[in-house]
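To start, the structure under review is shown below, and the notes come after it.
Read-outs: derived from the displayed coordinates by stated rules, not from any lab. All of these numbers come straight from a predicted model, not from anything done at the bench. Cβ: placed from backbone, ideal geometry, glycine included. Neighbour counts: every protein chain shown.
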Amino acid sequence: MTVGTTTPRPGTTAEHELAELQREHGRPLFALLLRLCDGDRQRAEDLLQETLVRAWQHPEALRAHDFESVRPWLLTVGRRLAIDARRARQARPAEVGDAILENARVIGDHTERSTAMLDVRRAVKTLTPEHREVLMQVYFHGASVAEAAATLGIPPGTVKSRAHYALRALRRVLPGYAADLR
């Protein structure tokens, strides 16, 4: 029975008509939608279902006597839905699946590091110039005790002593960072 060419029998429900549309026209419609969806079966099935819902919402188009079969109408509606779906996907960013998120590189948040740097700079400014010079040489420029002593013109023991007292002063000024200053 072609739905578009006959009148529904008494007692036939919309569900029966929809099931009959699916049986008669589902395969060719699905084949078209599958091609239009580049082989994505799930998307094609969703569009097939949407096409049949549109048919159910417009029974006047299915019962029109102007054409022999409802198939051209269904194919046109399905094709338009597939085109609209493709345009909608192109208009928004691609969806990201869970697998992609698991493999995504994590980019660190530099806020804490930047805040810590500002705190340390403020704390270093509270030191005496002698202590600050030793810390700059040994910790910030990476000089050895002997290199720092030669650069500053003081004995290596004095470099060690000033570094010790400078770190101790920083521990008092930066109590939250005490573990980092050992």
**Message:** Give me the extension gain from Lys125 to Gln49: residue separation times 0.36 nm, minus the current Cα-Cα distance, reported in nm with one decimal.
**Reply:** 20.3 nm
**For Lys160, net neighbour charge (Lys/Arg +1, Asp/Glu -1) across residues whose Cβ lies under 15 Å away** = -1
**Asked** Which ³J(HN,Hα) values in Hz, rounded to whole numbers, follow from the phi angles of the range 41-46 under the Karplus curve 6.51 cos²θ - 1.76 cosθ + 1.60, where θ = phi - 60° and Gly and Pro get x?
**Response** 4, 4, 5, 5, 5, 4
**Pairwise label distance in nanometres, Arg171 with Arg71, each label 7 Å out on the Cα-Cβ vector** = 8.8
**Request:** Could you work out how far apart the two model spin labels at Lys160 and Ala146 are, taking each label as a point 7 Å from the Cα in the direction of the beta carbon, and quote it in nm?
**Result:** 1.4
**Request:** In nm, give the distance between the simple-model label positions of Ala91 and Glu20, each being 7 Å from the Cα along the Cα-to-Cβ direction.
**Result:** 3.7
**Prompt:** Among 37-46, 110-119, 135-144, what's the highest-first ranking by average C-beta atoms within 10 angstrom per residue?
**Reply:** 135-144, 37-46, 110-119
